[in-house]
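Asker: Mind looking over this structure? Questions follow.
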Amino acid sequence: MAASNNEEALNGVHGHQDNGHQENGVDDIASSSQVLVVGGGAVGSLTAYKLGRAGIDVTVIEKLPGVSDSPRACGYYGAVHFMLHEVGLYDLIRKEGFMTRGLCWRKKPTDDGKGGKASGDMIAIQPLSAPNDTTFEVGAGLLNLPQADLNKLFLREALKTGHVRVHYNTELVSILENDPSTGVTVRLRNNETNAERKLHASYLVGADGAHSVVRKALSLPFPGHTWPERLIATNVMVYNEIDPIWHTFFVIDPVHYTIATPLEDPVPGKTTLWRYTIAAAPDDTRKVEELITDENIMGLYENCMAGPRPLQVEIKARTTYKIHQRCVPTMRKGNCLLAGDAAHVNCPYGALGLNTGMLDADALAETLIMILNEPQKYPKADDLLSLYSDERRKVFQFFVDPTSTQNKLRLHSHPEETASQEDWLFRMMRDPSKLSPRQLEELARPYYETWRTDMRKLVGDLA
Ligand SMILES: Cc1cc2nc3c(=O)[nH]c(=O)nc-3n(C[C@H](O)[C@H](O)[C@H](O)COP(=O)(O)OP(=O)(O)OC[C@H]3O[C@@H](n4cnc5c(N)ncnc54)[C@H](O)[C@@H]3O)c2cc1C
């Protein structure tokens, strides 16, 4: 295995070194830990950070040699800001990232009369702050930082607590024991040398993503469905002609609906990195390699991208992915807990994927802090773990799943000419300045209240 703390991925920040053990084998992993986190993605790293900050000893294992750079989430908002602020990370993320004011839905670009295309008309706006906001109080605006950078920041801060160890190239093979009274014993493997060893922890957090080995080892099904179309995600350098105020935008289309969001501060007059994610046709059976050719992608950009023609853009990264709506029947089995994509997946429209996972991490870490650090006050560990599972599943079932589903359907179910009359949200948000404070509050409330789970308050309410 690489050194416990991958210096390159973590920008040289050193964590808790396990100097008494050899460096190049699974032997350098402590044989026990209070909490084992499987998966060093953003959700696992945030869980480890919050636990480490509370003085809890955490081992993180990650099967990759470092943080994944695949193009994924970027924007964080609503209750997530307050959670990140409370755990001391908001300002750090803001320093590395940038703020935008909100999003909008557009028709397809139209002829600009100069041989190019102008941005399509706005159908509706979702402001997350005032249109002239430049200060952005916590909770306002969209906080942007590409997922890989966010993940590295979480790991760096987790290591700084001095209670977290991170082991790359290390994967969970099996769960040997999972007993509420004695804890969890697992078998791990160094995927470079194939060396294996056992580790014991009081609790195991499965934050190992949509294909979770923890979920499978616990024999948990993943009921739900997979949408027929694939999404083509591209990172692309685009010239910013104007300041559109609402930078992130959807382009509605019956087939090739699109979301575009900046990955770097989109300063007008500069060329910066954007993410364009475009739906392939549901009946398009071409192989991935064919979907991500320059030719195919540039053809799709023609439909959704404004600017002079021929388009002057440079594609920097490309991938395809399937989208699902699925949730486990429980996020807790014995002393093993699931969080993030390991527990639930949904289409990414509305940024309800990683944001929901981070709020799982927050609730789960708080639950484990109550159990491990305050046993006199919270003696019913079993009830607390089940409460975590029940409450986070409720959030998925009643908020994340239906909202992300409707966010997706809204993008391809209405002709662009009639969308703003047909759909209630488009109709309301055509001019949000005309909405009453009560209407605005009603729309925003789930993102500030329902989404996050306050474990301490819930336990207080139950007492
Ligand atoms: C193209 C794309 C765009 C997206 N856009 C957004 C967005 O805009 N907003 C949003 O909120 N969400 C978005 N999402 C969803 C978001 O990326 C996921 O919700 C998020 O990655 C979940 O984080 P996670 O830590 O739970 O899982 P992951 O990020 O998948 O991390 C899991 C980690 O576990 C590791 N692992 C797996 N198996 C093992 C094992 N056996 N042992 C050890 N380690 C293991 C993996 O290598 C990985 O590093 C997007 C997703 C995609 C694919």
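The values are calculated or read from the model by the stated rules, or taken from the named source; none is laboratory data. Every value quoted in this text rests on a predicted model; they were computed, and no experiment measured them. Glycine gets a Cβ as well: all are built from the backbone with ideal geometry, and neighbour counts include every protein chain shown. Note: accessible area is taken over every heavy atom of the protein model, side chains too, but ligands, DNA and RNA are not part of it. Shrake-Rupley method; radii C 1.70, N 1.55, O 1.52, S 1.80 Å.
Asker: What is the extension gain from residue 298 to residue 173, computed as 0.36 nm multiplied by their sequence separation minus the C-alpha to C-alpha distance, in nm to one decimal?
Answerer: Numbers: separation 125, 0.36 × 125 = 45.00 nm, distance 4.20 nm.
Gain in length upon complete extension: 40.8 nm.
Asker: Under 24 Å Cα to Cα from residue 160, which lysines show up? Leave out anything in the same chain fewer than 8 places away.
Answerer: Answer for residue 160, where 24 Å is the Cα cut-off: 50, 63, 95, 152, listed by chain and number.
Asker: Of all the accessible heavy-atom surface of segment 94-214, with the other protein chains kept in place and a 1.4 Å probe, what percent is carbon and sulfur?
Answerer: C and S fraction of accessible area: 46 percent.
Asker: With no solvent and one point per C-alpha, what does the Debye sum give as log10 I(q)/I(0) for the chain at q = 0.07 Å⁻¹?
Answerer: Log10 of I(q)/I(0), two decimals: -0.37.
Asker: How compact and how long is segment 24-133, expressed as Rg and Dmax of its alpha-carbon atoms in Å?
Answerer: Cα-based Rg and Dmax for segment 24-133 come out at 21.2, 69 Å.
Asker: At 7 Å along Cα-to-Cβ for each site, give me the label-to-label distance between residue 427 and residue 382 in nm.
Answerer: The answer from the label model is 5.2 nm.
Asker: Give the accessible area for residue 311 in Å² (nearest 10); use a 1.4 Å probe, count only protein heavy atoms, and leave out ligands, DNA and RNA.
Answerer: Here the accessible area works out near 20 Å².
Asker: Label point 7 Å out from residue 444 along Cα-to-Cβ: which residues of segment 62-93 have amide N under 19 Å?
Answerer: Backbone N within reach: 76-86.
Asker: Express in whole angstrom the spacing between the alpha-carbon centres of segment 157-188 and segment 39-99.
Answerer: 18 Å
Asker: Related question: Counting only protein heavy atoms, what percent of the accessible surface of segment 220-316 is carbon or sulfur at a 1.4 Å probe?
Answerer: On the way: 2530 of 4370 Å².
Solvent-exposed carbon and sulfur of segment 220-316 make up 58 percent of the total.
Asker: Got the relative contact order for segment 306-463 handy, in percent, Cα pairs under 8 Å and 6 or more residues apart? Working shown, then result.
Answerer: Working: 117 pairs, mean separation 37.5, N = 158.
Once normalised by length, the contact order is 24 percent.
Asker: Heavy atoms only, probe 1.4 angstrom, no DNA, RNA or ligands counted: give me 344, 412, 211 ranked by accessible area, highest first.
Answerer: Details: 344 5, 412 45, 211 145 Å².
Sorted by accessible area, descending: 211, 412, 344.
Asker: A follow-up question, please. With a/c under 1.5 counting as rounded, go ahead and sort segment 109-156 into rounded, prolate or oblate using the C-alpha gyration tensor (a ≥ b ≥ c being the square roots of the eigenvalues; past the cut-off, prolate if a/b is larger than b/c, else oblate).
Answerer: Oblate shape, in that a/c is at least 1.5 and b/c is the bigger or equal ratio.
Asker: Hey, another quick one. Would segment 312-437 count as rounded, prolate or oblate if I go by the C-alpha gyration tensor, calling it rounded below 1.5 in a/c and otherwise prolate when a/b exceeds b/c, oblate otherwise?
Answerer: Numbers: a/c = 2.68, a/b = 1.90, b/c = 1.41.
Because a/c hits 1.5 or more and a/b exceeds b/c, segment 312-437 counts as prolate.
Asker: Explain nothing, just the number: dipole magnitude of segment 307-448 about its Cα centre with +1 on each Lys and Arg Cβ and -1 on each Asp and Glu Cβ, in debye rounded to the nearest 20. Show your work: numbers first, answer last.
Answerer: On the way: 19 positive and 18 negative charges, 61 e Å.
For segment 307-448, the charge dipole is close to 300 debye.
Asker: For 288, 87, what's the largest-to-smallest order of accessible area, 1.4 Å probe?
Answerer: On the way: 288 60, 87 5 Å².
The ranking, largest first, comes out as 288, 87.
Asker: Just name one of 293, 330, 320: the one whose Cα is farthest towards the positive end of the charge dipole of segment 260-406 (beta-carbon charges, Lys/Arg +1, Asp/Glu -1).
Answerer: Sorting the options by dipole projection puts first 330.
Asker: Rounded, prolate or oblate for segment 177-232? Axes are the square roots of the Cα gyration tensor eigenvalues, ordered a ≥ b ≥ c, and the cut-off for rounded is a/c under 1.5.
Answerer: Values: a/c = 3.46, a/b = 1.60, b/c = 2.16.
It is oblate, given that a/c is not under 1.5 and a/b is not larger than b/c.
Asker: Among 234, 70, 451, pick out the residue whose Cα is farthest towards the positive end of the charge dipole of the chain, where Lys and Arg carry +1 and Asp and Glu carry -1 on C-beta, about the Cα centre.
Answerer: 451
Asker: A follow-up question, please. How high is the relative contact order of the chain, given as a whole-number percent (alpha carbon pairs under 8 Å, six or more residues apart)? The partial results should precede the final answer.
Answerer: Numbers: 1004 pairs, mean separation 91.6, N = 463.
Worked out over the chain, it gives 20 percent.
Asker: What accessible area per residue comes out for the chain, rounded to a whole number of Å², with a 1.4 Å probe?
Answerer: On the way: 19390 Å² over 463 residues.
Heavy-atom SASA per residue in the chain reads 42 Å².
Asker: To continue, here is another question. Given 0.36 nm per residue, what is the gain on full extension from residue 133 to residue 85 after removing their alpha carbon distance, in nm?
Answerer: Values: separation 48, 0.36 × 48 = 17.28 nm, distance 1.93 nm.
Gain on stretching residue 133 to residue 85: 15.3 nm.
Asker: Keeping all protein chains in position, work out how much accessible area residue 86 exposes to a 1.4 Å probe, and write it in Å² to the nearest 10.
Answerer: Roughly 120 Å² of residue 86 is accessible to a 1.4 Å probe.
Asker: Run the dipole for the chain about the Cα centre, Lys and Arg Cβ at +1, Asp and Glu Cβ at -1, nothing else charged, and hand back the magnitude in debye, nearest 20.
Answerer: Working: 49 positive and 59 negative charges, 113 e Å.
It comes to approximately 540 debye.
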